[in-house]
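Structure record follows, encoded as structure tokens.
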There are 4 protein chains.
Amino acid sequence: MVDLQAVLDSIYKELTPRIGEGKVADYIPELAKIDPNQFGMAVVTVDGKVYRAGDADVPFSIQSISKVFMLTLALGKVGEGLWKRVGREPSGSAFNSIVQLEHEHGIPRNPFINAGAIAVTDVVMAGHAPREAIGELLRFVRYLADDESVTIDEKVARSETQTGYRNFALANFMRAYKNIDHPVEHVLGVYFHQCALSMSCEQLARAGLFLAARGSNPMTGHSVVSPKRARRINALMLTCGHYDGSGDFAYHVGLPGKSGVGGGIFAVAPGVASIAAWSPGLNKVGNSQLGAVALEMLAARTGWSVFGD
Amino acid sequence: MVDLQAVLDSIYKELTPRIGEGKVADYIPELAKIDPNQFGMAVVTVDGKVYRAGDADVPFSIQSISKVFMLTLALGKVGEGLWKRVGREPSGSAFNSIVQLEHEHGIPRNPFINAGAIAVTDVVMAGHAPREAIGELLRFVRYLADDESVTIDEKVARSETQTGYRNFALANFMRAYKNIDHPVEHVLGVYFHQCALSMSCEQLARAGLFLAARGSNPMTGHSVVSPKRARRINALMLTCGHYDGSGDFAYHVGLPGKSGVGGGIFAVAPGVASIAAWSPGLNKVGNSQLGAVALEMLAARTGWSVFGD
Amino acid sequence: MVDLQAVLDSIYKELTPRIGEGKVADYIPELAKIDPNQFGMAVVTVDGKVYRAGDADVPFSIQSISKVFMLTLALGKVGEGLWKRVGREPSGSAFNSIVQLEHEHGIPRNPFINAGAIAVTDVVMAGHAPREAIGELLRFVRYLADDESVTIDEKVARSETQTGYRNFALANFMRAYKNIDHPVEHVLGVYFHQCALSMSCEQLARAGLFLAARGSNPMTGHSVVSPKRARRINALMLTCGHYDGSGDFAYHVGLPGKSGVGGGIFAVAPGVASIAAWSPGLNKVGNSQLGAVALEMLAARTGWSVFGD
Amino acid sequence: MVDLQAVLDSIYKELTPRIGEGKVADYIPELAKIDPNQFGMAVVTVDGKVYRAGDADVPFSIQSISKVFMLTLALGKVGEGLWKRVGREPSGSAFNSIVQLEHEHGIPRNPFINAGAIAVTDVVMAGHAPREAIGELLRFVRYLADDESVTIDEKVARSETQTGYRNFALANFMRAYKNIDHPVEHVLGVYFHQCALSMSCEQLARAGLFLAARGSNPMTGHSVVSPKRARRINALMLTCGHYDGSGDFAYHVGLPGKSGVGGGIFAVAPGVASIAAWSPGLNKVGNSQLGAVALEMLAARTGWSVFGD
């Protein structure tokens, strides 16, 4: 068995000279203020051990990684009926593209592009007011992470206005096709708050552990989803988790994962561990530059790729 | 350990009443003549055991499954340089779409859509005449399967003319972008012959076993590719192996795989086994209807999904 | 010289049995209530004569025909600089398509598709509040028509909500590209009001007479635009005035024109006359069915086609 | 009445310092050899007077202008039934785009984009061999121009190979949709020869005079098409004659016209005159830079714009 702490330490040591690489997301003003010279990593294994490196305890804006938790909530509410509202195929387009939405009559390609996540948010709301839906999500993530200190960064939520116009376009477009039920402002209010969830690598790895462990969190004993649903969420992350860089991530890393423009990447080694890496500088397709490198190194050194060791 | 023969037997028994379901591909006249009432399945494990059900020994036209073998050959010739000629992302489009090719200046999205496979064929030719390239492929597949009886069905190769116009369009279009080096007629000559490879489920599972076994065939001892390359080919099959049904296959089956319009599906359980299923009737996205069902049953009953058991 | 009143009378007589044909626009609830059994036509010649047939004095919702007046206002304010904000090419797409907007980075194809008209509205606002901009447009149209009785139908303006989502999508999308300066709600408030202008055929023909008469209204002596600008607005109507039916209208009628989903069509015979036809039933591309037929008959019987007699 | 010779002389004098502007088409090797320092213009009025300026007698490759003559031939053969094979709407895309063809199932947008012209060529062939079809076209153009010295430049026809791949793609693509009846090689053989027609400005203006004169050539008395068909061909030239620069040409010049990458532009002032201008240097949308300027000057100084004087 590989010595995981040694692996994390070696990755951290090798990447230290590169910390600060990449370009911090600048289209959300509040995110643009982040110090780029940070890097953290955490691994939680299904037998409940936690491994850390670097800034593993520093909270950051998880942004699109929250789409995984919202998808889990939505599937819990409406089950497989969700797929009438959103597809399950890779989009072949940028995260905020509206083209496909027109060609496919308001049904987004998958739950991990913005349009899809907005539709999922509409499903989760289920007639509730934004405040209640946000509260529900926050409670859910705290429950998953078994950590009441997880918060939503209101400043970041308010700062989404710059990118907000395009999301307003996507939501109104879907509403024109009757694929959004709640008022657009309400749905996007919830959507912007979920993106503003602030979590550390360790919190994130703990919260997602159920996806590595047949749907239950072995550290808390909480059953979250069935084994089958855990597999399926992993499948969606692998095929669709990195927008039009999903194929590349599968090719180089070989783990189901989801990235966010805050510089975080969450990944799952099914049956083995859940993983979070974070560094604010992004590569040119919008994923954390060092985070992606760190995960490739981790997969190579552990043999955790789902595609063979 | 699950009793594999019992699993195959139960799948075969349960599917027997449904044999004949789906619609045989009719755009290639020679394929349209196939008796739809056939179903076979074969599994070869990495420890060299072979399991069979139904028509596992009946040769069929493997069609697009051949793209996996051609990709392996091309990577052997030019290594990672191949990715200057073709991308690695899911296409989000039908197998024969030309739209993306225009938007992306003649570089096909991935090696498993028609345009990408044609570019891969051009790479494999490497200046040789069609006859030689076809010979090389045939020798390679016989070597992989360790079976000299694998053949190419000349009637099927000649019968591709109906669908041929669109492939001629794709090839000429790429040639306009200088992404095809050999004469279009030559490249398509080779391409149509590779699609016409005739193999049984057992031959196919044997031939692809190296992808389940770190790049080497444990039954022959032949080393085909490095473990890393085997993983990467598996990753490409998972994200791109079923055209715009790739996400769905990952969701329901959870194994890297490649389908063909002849009704065959090849799949890999990394570290465990290689699998082939075949039934000529296709579902509405062009994959073998019973083949896909059989694979979903197999993955569920064995726990082989790469996304968790 | 053709006897115009006789021509109008003959057209009216021939079309009388067909009044009621087509399908009233139903996506704006208030428009859906219109009695389809109406047909009117008015011609005003550059020497100031007025010819009428049928319901030429019944006010109707001019909808997209208002885009011609808004374009005239915008050109008056910013001149040729307008073309940095909107293109001058036919779109090849439906009136409310958002696809092109993404491919062309938020610059709409022309001022007569919805996105283009919304951008033009933003230009006309020039920092003013919606109420002022609406007032300015209303004064301008009354001045053009020399008729203070032209009004805006508030019920129709409020009723645009059904189609409104898509226009909100378009406006937010352009704002994301910084091609909308005012708050989206304000711009669309003005936009929905201009579409709700209520005018009769005669009022409309009078208001647009300047486009037939080198930029000045010969009945009032008002100079509106230069002869060059009048030609250019006519050119835009001919190439872009009927969405993806513009080519067809040019082919069959041969006059610059602009249609609206209220069933009105405005057309210009340069140097000769301005024309308005109205019947609420629409053909399958969204233009007034009888209105288009009436204009084709008029052009054929008068020899007014700009493409030859 | 304007003194036309004086107008042409003044245009020629003003443009003389600019001769050589623009960039000669380089994707057809034979065209790339042309001396850019040439400019010619010819006007033929419907009363049979001929006016010339500059290199009005130098033959050049008319390229896409030939599409007007082929359209005339095709309409003569199959009448309005032609529109089952090709549309009549502006494309909103580049001249050689294949995207629209896929979205619209193999029916090209209009007869003046490459795909449309290839479909028109297929119609003109009507079962004949390429040699016969080419002969028919040559006889037709000589008859129109009343000049037996019009030829086809075989070197140019052979030189189309560079751009040829894309045209082969378009033709094969349409054949896949059964919108091409003859072998692709035959259709393109004819197509490349029609593009290689070599004519001077004067020959071109004479050949197209029937479009300005109600369908008949007043100099020869030959009746070519009905007045209605002449109008309709003019309408198509105005809306579709300059690819995705058609709107701009209508805006600035205001005459039906057709350009070619050889640097020629043919235009019609309905009821008045036919016009040809030529200068090899192209502007960035692929039309003759000086040719377009010369036509804008001519329209401004004569008041010939169809959109008003």
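The values are calculated or read from the model by the stated rules, or taken from the named source; none is laboratory data. Keep in mind the model is a prediction, meaning the values are calculated, not measured. Counting neighbours? That spans all protein chains shown, and the Cβs are built from the backbone with ideal geometry, glycine included. Note: areas computed on protein heavy atoms with side chains; ligands, DNA, RNA excluded. Shrake-Rupley method; radii C 1.70, N 1.55, O 1.52, S 1.80 Å.
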Scan segment D:282-300 and report the pairs whose first residue is within 16 Å of D:S61 (Cα to Cα) and whose second residue is among the basic types (K, R) and buried (at least 21 other Cβ atoms within 10 Å of the Cβ), with Cβ atoms within less than 7 Å and a gap of 6+ or a chain change. none
Residue count, segment D:19-28, condition open to solvent by less than 60 Å² (accessible area, probe 1.4 Å) and more than 12 Å from D:L282 (Cα to Cα), comes to 1
Consider B:S66 carefully, then state whether it is open to solvent by less than 10 Å² (accessible area, probe 1.4 Å) and either under 21 Å from the mean Cα position of the chain (by Cα) or touching a residue at least 12 places away in the same chain (Cβ under 8 Å) (or both). yes
Restricting the search to segment A:220-235, which residues are among the β-branched types (V, I, T) and at pLDDT 95 or above? A:V224, A:V225, A:I233
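Which of the residues spanning segment B:273-296 are of a type in the set (S, T, Y) and within 17 Å of B:G20 (Cα to Cα)?
Restricting attention to segment B:273-296, the residues satisfying the condition of being of a type in the set (S, T, Y) are B:274, B:279, B:288.
B:S279, B:S288, listed by residue number.
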C:E132 fails exactly one of (1) touching a residue at least 60 places away in the same chain (Cβ under 8 Å); (2) over 14 Å from the mean Cα position of the chain (by Cα), namely (1)
Looking at segment D:69-105, which of its residues are at pLDDT below 95, surrounded by fewer than 19 Cβ atoms within 10 Å (Cβ to Cβ) and over 26 Å from D:A276 (Cα atoms)? D:V99, D:H103, D:E104, D:H105
Determine if segment C:46-56 includes at least one residue that is of a type outside the set (G, A, S) and open to solvent by less than 20 Å² (accessible area, probe 1.4 Å). no
Do we have D:L101 as touching a Phe, Trp or Tyr at 6+ places or on another chain (Cβ under 6 Å), within 14 Å of chain C (Cβ to nearest Cβ) and not basic (K, R) here? yes
Assess whether C:I34 counts as being assigned to a loop (DSSP other than H, G, I, E, B), open to solvent by 10 Å² or more (accessible area, probe 1.4 Å) and more than 14 Å from chain D (Cβ to nearest Cβ). yes
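Counting only residues that are of a type in the set (F, W, Y) and farther than 20 Å from C:T239 by Cβ, how many does segment C:261-309 have?
Of all residues in segment C:261-309, those of a type in the set (F, W, Y) come to C:266, C:278, C:304, C:307.
Subsequent filtering for residues that are farther than 20 Å from C:T239 by Cβ retains C:278.
Of the residues in segment C:261-309, 1 are of a type in the set (F, W, Y) and farther than 20 Å from C:T239 by Cβ.
Go over the candidates D:P59, D:P108 one by one and state the one that is farther than 19 Å from D:Y191 by Cα and either within 14 Å of another protein chain (Cβ to nearest Cβ) or under 17 Å from the mean Cα position of the chain (by Cα) (or both). Can you show your working first?
Details: D:P108 fails: farther than 19 Å from D:Y191 by Cα.
Just one listed residue meets the conditions, D:P59.
Just to be sure before I move on: is C:P218 at the interface with another protein chain (Cβ under 8 Å from one of its Cβ atoms) and open to solvent by 10 Å² or more (accessible area, probe 1.4 Å) in the structure I sent?
Values: at the interface with another protein chain (Cβ under 8 Å from one of its Cβ atoms): no; open to solvent by 10 Å² or more (accessible area, probe 1.4 Å): yes.
The answer is no for C:P218.
Considering A:I118, A:I113, which residue is closer than 22 Å to C:N172 by Cβ and under 12 Å from the mean Cα position of the chain (by Cα)? Talk me through it step by step, then tell me what you get.
Values: A:I118 fails: under 12 Å from the mean Cα position of the chain (by Cα).
Result of the check over A:I118, A:I113: A:I113.
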Can you run down the residue pairs with Cβ atoms below 8 Å, 6 or more apart or on separate chains, where the first is in segment C:8-23 and modelled with pLDDT of 95 or more and β-branched (V, I, T) and the partner is assigned to a strand (DSSP E or B) and buried (at least 18 other Cβ atoms within 10 Å of the Cβ)? C:I11/C:M41; C:I11/C:A53
1 or more residues among the hydroxyl-bearing types (S, T, Y) and either within 14 Å of chain C (Cβ to nearest Cβ) or open to solvent by 20 Å² or more (accessible area, probe 1.4 Å) (or both): qualifying strands (runs of 3 or more DSSP E) within segment D:223-309: D:273-278
Members of segment A:151-182 that are more than 9 Å from chain C (Cβ to nearest Cβ), at pLDDT below 95 and open to solvent by less than 60 Å² (accessible area, probe 1.4 Å): A:V156, A:A157, A:S159, A:E160
Report yes if some residue within segment D:183-203 is surrounded by fewer than 21 Cβ atoms within 10 Å (Cβ to Cβ), modelled with pLDDT of 95 or more, over 26 Å from D:R52 (Cβ atoms) and outside the structural domain of D:L75 (by TED's automatic domain parsing); otherwise report no. no
Given the conditions (1) under 19 Å from the mean Cα position of the chain (by Cα); (2) over 24 Å from C:R175 (Cβ atoms); (3) open to solvent by 20 Å² or more (accessible area, probe 1.4 Å), every one holds for C:T16 apart from (1)
Looking at (1) more than 24 Å from C:N217 (Cβ to Cβ); (2) surrounded by fewer than 23 Cβ atoms within 10 Å (Cβ to Cβ), which one does C:Y143 not meet, given that it meets all the others? (1)
Do we find a residue being on the phi > 0 side of the Ramachandran plot and modelled with pLDDT of 95 or more anywhere in segment B:204-216? yes
